[in-house]
Amino acid sequence: MSDPILSTHNLVKAFGALTATDDVSIDLFPGEIHALIGPNGAGKSTLIAQICGGLTPDSGRVVLQGRDVTQDSTAVRARAGLGRTFQISALAMEDTVLENALLGALGASHRPWRFWRKALSDKALCERALSALERVGLADDKDRRTSELSHGQRRQLEVAVALTLEPRAFLMDEPMAGLGTGGSQRLIGFLDGLRGEAPILLVEHDMDAVFALADRISVLASGQVIATGTVDEIRRDPAVREAYLGEDA
Amino acid sequence: MIGERSITLVVLGLLLAVVAWALVVDEPFTITLATRAAILALAAVGLNIALGIGGMVSLGHAVFFGLGGYAMGILAYHAQSFSALDLGLVSVAGTKSMPVIWLVALGVSALAALLIGLLSLRTSGVYFIMITLAFGQMFYYFAISWSAYGGEDGLSIYVRNGFPGLNTLVPIQFFGICFALLCAALFLNARLRASPFGLALNAARQVPARIETVGLTPFRLKLVAFVISGAITGLAGALFADLNRFVSPTMFSWQLSGELIVLIVIGGVGRLIGPVIGACLFVALEHWLGGLTEFWHVYLGAILLGIVLFARGGIVGLLTGREGPHV
Amino acid sequence: MSLILIAEQVLNGLQFGVMLFLMAAGLTLIFGVMGLINLAHGSLYMVGAFAAAAVAGATGSFLLALAAALAAAALAGVLIEILVIRRLYRAAHLDQVLATFALILIFSEGTRWVFGSFPLFLDVPDALSGPITLPGGIQYPVYRLTLIGIGLAVALGLWWLTARTRIGIQIRAGENDREMIAALGVDISRLYTIVFALGAALAGLAGALVGAIQSVQVGMGEPVLILAFVVIVIGGIGSIKGAFIGALLVGLTDTLGGIFLPELFKLFMPADAASQTGSALASMAIYILMSLVLIWRPSGLFGARA
Ligand SMILES: Nc1ncnc2c1ncn2[C@@H]1O[C@H](COP(=O)(O)OP(=O)(O)OP(=O)(O)O)[C@@H](O)[C@H]1O
Ligand SMILES: [Mg+2]
């Protein structure tokens, strides 16, 4: 197998007495969708935050494309190719859809220090932003205010902003949350095609989505990875059934 | 409802019309009032970049206003007393040339904004408010205790500084200079908000987490905005000193910082023309109410409370029917 | 420079520090519990001083004057809490700043309207006037020593209140989680009013006590307010302990800096320039102290949240 694009090595993060991430090592290989599942409070968001740079681990390392980024800021990691969507939409609500998408394009261009020319008349930036919006199906809404969007459209815009970065790896924290069946189906179809561009570390509660998309699944319980494997392996794993479904194996 | 752009043009037009009327009926004092409004507006336009776009509630912008004022005061003082200004390594002559003074005012206040910003932007929320307020006091007390330039009594400049080709002592000509600079600052501000930088800064105020995940650093965006903001307010300080031909530590006072915020809020936070509306109303109130009662600040306070509690978008918000700004 | 002079200055610094603490404690409590930045806290200080001066003028009793200061400031506090402040708890900081700035304008001009622009004077009570000889032969004003005592007593009292009493437990719970304590059946809006009134009363007390060694005038509150901000920025917003330590640090730095910095500069500068530079620097000393603390710890010495 080729080298992983993204990996964590023995990450530990404690909040007081609670060890939210307990010696977690996972890999994300090119071309795969790696789903991260686990009951509420298992530590999924905490892990994502450490990978992105929002939280500093107590020990362990985060490696992106062979480079140790554990000490780097969120911004540096983003520039190094990490694209992220939030569990709760983090969008500039006062701005238009296009302007939000432009932010990603702007970040990717590494050139925010331009004070005079209009952002909207910069062809390269706009093309990049528009093509991302087109891909998630928001091109027609580009001039609407983000606060006017429906919940589902905001989730789409979250994904579009990450797309404009053209990242080397995606981290998505519950992208399906709050989408209807139709919305979920469309997003599943979309993510399915996305894995060829960059692998996705997908945190998701929607099991249909996970089973439809994941090449591999890691199960987190009480901060620990209790199993990693293909969909079938995980379905059969007795430890998973016990921890996750509360069943006696 | 009225568009923001037409409000901007109407307000600037009205200000010009008042001045034209004053010129016709020969009321130089009204022109001076309009000049005062234009200068305060310029200072608030500067603050509005930090406050309105960047969301930084700076209660210390009087620092830059005062530095601009003292830049003018010190340079002009050395020029009128024919003494050299000793800067440690070199000593330079003073000057009575406005453009030179403006450049110095811009430079000095930008530098101060850089230093203050580096320290205070490490924090946010109330810490930021209190720290900027504290830095304001620091400069205030420094100016008071620095007797070389008048200390508490301030510095008087006998003749207004000059601008090539104009007679700055004629009120309408000095107003023209201030109004032109105000328009230039408004134009810069408008370009800035539509620029890539403005877009990022505006988003850094709303969702800092998002800005970081697209690879930008909110701290740097805000710092640059704070420096631009401080420099413009500093330029206004130099003009204000020239208007009064006097500088004193009160230019650094925290009340002035508070009033600059008040100007913006009366007009509408984050609105391009907000500071101009606020400044014109403020100067008008100060003049009319101040003429009626010694205690006009009570009314100012009441108006302010009313705006904060009941009309959150300020005047522009009332006119456009929208509380928040939107490009 | 003699040891006696140094000891005297240290006492002055302490006295200044504990008075700052009375202001800072209220500010930090109000911020910690209600999340409110209150610029009008200095006005409550002024209200206390004016009430004391007026009552002392009318009755000649300093104790009555102090009681009046406490009552007037607490009452003013309750009034503005109910009329204005209450609407601001969940508002943006900018709105809080503006509304409380508006309150300053109203209070200051209102006071000027009632009492005029000339300063009032509040005399140190006879029983406490004159100096006392401390061990080591230091002559020190009894009144200032009393201020130190009162300040320390209030600090102890506040510690006891927050650590040991029912209302203190509610206050601390309120800092952590408003919904939680509301769910436990505590009347949260009454609690807020009480905390605000307590902070106001402390400010009023400080105003009255300091009013006897300075003049009582409009605008006296704001410089103290800003120093109190410096104190709680240094100590960490929301922490009473931080406010106490910050207040002593600021009090001592300011007082000792004013005396020693000019002397220090005289060691290597001409006397004239030294006192100039020294006193200019001394006027900035506490702000430099604040900057250093912030570089080291952006949320203050004992601050939990940034
Ligand atoms: N800042 C924090 N301080 C203290 N405890 C925290 C903090 N953040 C998270 N926790 C705790 O760490 C544990 C893991 O939380 P986390 O949000 O990572 O779970 P999760 O797997 O994402 O859950 P969910 O499926 O509900 O999103 C939880 O018990 C949570 O209460
Ligand atoms: Mg989560």
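The values are calculated or read from the model by the stated rules, or taken from the named source; none is laboratory data. As the structure is a prediction and not an experimental result, all values here were calculated from the model. No Cβ is skipped: glycine too gets one built from the backbone with ideal geometry, and neighbour counts run over all protein chains shown. Ligands, DNA and RNA are excluded from the accessible area calculation, which covers all protein heavy atoms including side chains. Shrake-Rupley method; radii C 1.70, N 1.55, O 1.52, S 1.80 Å.
So A:G178 ticks every box in (1) within 16 Å of ligand 1 (Cβ to nearest atom); (2) buried (at least 23 other Cβ atoms within 10 Å of the Cβ); (3) of a type outside the set (V, I, T) but one. Which box is left unticked?
Unmet condition: (2).
Of the residues A:S73, A:S59, A:S89, A:S121, which is over 23 Å from B:F197 (Cβ atoms), away from ligand 1 (no atom under 16 Å from the Cβ) and either more than 8 Å from chain B (Cβ to nearest Cβ) or modelled with pLDDT of 90 or more (or both)?
Just a single option satisfies the conditions, and that option is A:S59.
Would you check if there is a residue in segment A:96-117 being open to solvent by 20 Å² or more (accessible area, probe 1.4 Å), out of contact with any strand residue (DSSP E or B) (no Cβ under 6 Å at 6 or more places or on another chain), assigned by TED's automatic domain parsing to the domain that holds A:A214 and among the polar types (S, T, N, Q)?
Among the residues of segment A:96-117, not one is open to solvent by 20 Å² or more (accessible area, probe 1.4 Å), out of contact with any strand residue (DSSP E or B) (no Cβ under 6 Å at 6 or more places or on another chain), assigned by TED's automatic domain parsing to the domain that holds A:A214 and among the polar types (S, T, N, Q), which makes the answer no.
Going by the structure shown, is A:I33 within 10 Å of ligand 1 (Cβ to nearest atom), touching an Asp or Glu at 6+ places or on another chain (Cβ under 8 Å) and of a type outside the set (D, E)?
no
Which residues, taken from segment C:266-293, are of a type in the set (A, V, I, L, M, F, W, C) and within 13 Å of another protein chain (Cβ to nearest Cβ)?
C:A273, C:A280, C:L281, C:A282, C:M284, C:A285, C:I286, C:I288, C:L289, C:M290, C:L292, C:V293
May I ask you to verify whether A:H205 is open to solvent by 60 Å² or more (accessible area, probe 1.4 Å) and within 16 Å of ligand 2 (Cβ to nearest atom)?
In short, yes.
For segment A:226-241, does any single residue satisfy the condition of being of a type in the set (S, T, N, Q), surrounded by 15 or more Cβ atoms within 10 Å (Cβ to Cβ) and in contact with a Gly (Cβ under 9 Å, 6 or more places away or on another chain)?
no
A:I88 versus (1) open to solvent by less than 50 Å² (accessible area, probe 1.4 Å); (2) within 16 Å of ligand 2 (Cβ to nearest atom); (3) under 30 Å from B:I53 (Cβ atoms): which is the lone unmet condition?
If we test A:I88 against (1) open to solvent by less than 50 Å² (accessible area, probe 1.4 Å); (2) within 16 Å of ligand 2 (Cβ to nearest atom); (3) under 30 Å from B:I53 (Cβ atoms), just (1) comes out false.
When segment B:139-173 is examined, which residues are found to be within 12 Å of another protein chain (Cβ to nearest Cβ) and either assigned to a loop (DSSP other than H, G, I, E, B) or touching an Asp or Glu at 6+ places or on another chain (Cβ under 6 Å) (or both)?
B:I144, B:W146 - these are the residues of segment B:139-173 that are within 12 Å of another protein chain (Cβ to nearest Cβ) and either assigned to a loop (DSSP other than H, G, I, E, B) or touching an Asp or Glu at 6+ places or on another chain (Cβ under 6 Å) (or both).
When you check C:A24 against the structure, is it under 24 Å from C:A285 (Cα atoms), touching a residue at least 12 places away in the same chain (Cβ under 8 Å) and within 14 Å of another protein chain (Cβ to nearest Cβ), yes or no?
Numbers: under 24 Å from C:A285 (Cα atoms): yes; touching a residue at least 12 places away in the same chain (Cβ under 8 Å): yes; within 14 Å of another protein chain (Cβ to nearest Cβ): yes.
Criteria met by C:A24.
Inspect segment B:236-258 for any residue being over 23 Å from B:V108 (Cβ atoms), touching a residue at least 24 places away in the same chain (Cβ under 8 Å) and within 12 Å of chain C (Cβ to nearest Cβ) and give the result as yes or no.
Scanning segment B:236-258, I find no residue that is over 23 Å from B:V108 (Cβ atoms), touching a residue at least 24 places away in the same chain (Cβ under 8 Å) and within 12 Å of chain C (Cβ to nearest Cβ), so the answer is no.
When you scan segment A:164-184, how many residues do you find that are basic (K, R) and either within 12 Å of ligand 2 (Cβ to nearest atom) or under 17 Å from A:I88 (Cβ atoms) (or both)?
In the first step, residues of segment A:164-184 are kept if they are basic (K, R); the result is A:168.
Right, trim to either within 12 Å of ligand 2 (Cβ to nearest atom) or under 17 Å from A:I88 (Cβ atoms) (or both) and you get none.
Number of matching residues: 0.
Any idea which of B:V276, B:V308 is crowded, with 23+ Cβ neighbours inside 10 Å, in contact (Cβ under 8 Å) with a residue 12 or more places away in the chain and within 14 Å of chain C (Cβ to nearest Cβ)?
Criteria check complete, one pass: B:V308.
For A:R154, only one of the following conditions fails: (1) away from ligand 1 (no atom under 16 Å from the Cβ); (2) not assigned by TED's automatic domain parsing to the domain that holds A:V136. What is its number?
Here A:R154 clears every test but (2).
Name the helices (runs of 4 or more DSSP H) wholly inside segment C:185-296 in which the number of residues that are farther than 21 Å from B:L59 by Cβ is 3 or more. Talk me through it step by step, then tell me what you get.
On the way: elements: C:188-211, C:221-235, C:240-266, C:271-296.
Here the list reads C:188-211, C:240-266, C:271-296.
Restricting attention to segment A:65-72, does a residue exist that is under 17 Å from the mean Cα position of the chain (by Cα), within 16 Å of ligand 2 (Cβ to nearest atom) and open to solvent by 30 Å² or more (accessible area, probe 1.4 Å)?
no
Which one of these does C:T133 not meet: (1) in contact with a strand residue (DSSP E or B) (Cβ under 8 Å, 6 or more places away or on another chain); (2) part of a helix (DSSP H, G or I); (3) open to solvent by 60 Å² or more (accessible area, probe 1.4 Å)?
Here C:T133 clears every test but (2).
Restricting to segment A:1-58, count the residues that are without any contact (Cβ under 8 Å) to a residue 40 or more places away in the chain, surrounded by fewer than 22 Cβ atoms within 10 Å (Cβ to Cβ), touching a Ser or Thr at 6+ places or on another chain (Cβ under 7 Å) and among the small types (G, A, S).
So the count comes out to 1.
Conditions (1) crowded, with 22+ Cβ neighbours inside 10 Å; (2) at pLDDT 95 or above; (3) within 17 Å of the chain's Cα centre (by Cα); (4) more than 10 Å from chain A (Cβ to nearest Cβ), marked per residue:
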{"residue": "B:F175", "(1), (2), (3), (4)": "yes, yes, yes, yes"}
{"residue": "B:A184", "(1), (2), (3), (4)": "no, yes, yes, yes"}
{"residue": "B:A194", "(1), (2), (3), (4)": "no, no, no, no"}
{"residue": "B:V207", "(1), (2), (3), (4)": "no, no, no, no"}
{"residue": "B:G215", "(1), (2), (3), (4)": "yes, no, no, no"}
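What are the residues in segment C:1-18 that are farther than 11 Å from C:A247 by Cβ and of a type in the set (V, I, T), if any?
Result: C:I4, C:I6, C:V10.
Consider B:S97 carefully, then state whether it is more than 18 Å from the chain's Cα centre (by Cα), of a type outside the set (D, E, K, R) and surrounded by 17 or more Cβ atoms within 10 Å (Cβ to Cβ).
Here the answer is no, as B:S97 does not meet what is asked.
Where residues in segment A:208-225 are open to solvent by 10 Å² or more (accessible area, probe 1.4 Å) and touching a His at 6+ places or on another chain (Cβ under 8 Å), which of them is farthest from ligand 1 (Cβ to nearest atom)?
Kept after step one, since they are open to solvent by 10 Å² or more (accessible area, probe 1.4 Å), are these residues of segment A:208-225: A:208, A:211-212, A:214-216, A:221-222, A:224-225.
Checking which are touching a His at 6+ places or on another chain (Cβ under 8 Å) leaves us with A:214-216.
On the way: A:A214: 17, A:D215: 21, A:R216: 18 Å.
The qualifying residue farthest from ligand 1 (Cβ to nearest atom) is A:D215.
Would a scan of segment C:294-304 turn up a residue that is more than 13 Å from every other protein chain (Cβ to nearest Cβ), modelled with pLDDT of 85 or more and open to solvent by 40 Å² or more (accessible area, probe 1.4 Å)?
Yes.
In this structure, does A:Q65 turn out to be away from ligand 1 (no atom under 16 Å from the Cβ), of a type in the set (S, T, N, Q) and under 30 Å from A:C126 (Cβ atoms)?
yes
Given the criteria of a type outside the set (D, E) and without any contact (Cβ under 8 Å) to a residue 60 or more places away in the chain, does C:A92 qualify?
yes
Can you tell me which residue within segment B:54-70, out of those that are away from chain C (no Cβ under 12 Å) and open to solvent by 10 Å² or more (accessible area, probe 1.4 Å), is nearest to B:F187 (Cα to Cα)?
Among residues in segment B:54-70 that are away from chain C (no Cβ under 12 Å) and open to solvent by 10 Å² or more (accessible area, probe 1.4 Å), the one nearest to B:F187 (Cα to Cα) is B:L67.
Under 7 Å between Cβ atoms, at least 6 apart or on separate chains: pull out the pairs that start in segment C:244-256 with a residue that is within 14 Å of C:Q15 (Cβ to Cβ) and end on any residue that is among the polar types (S, T, N, Q) and open to solvent by 10 Å² or more (accessible area, probe 1.4 Å).
Partner pairs satisfying both residue conditions: C:T255/C:Q9; C:T255/C:N12; C:L256/C:Q9.
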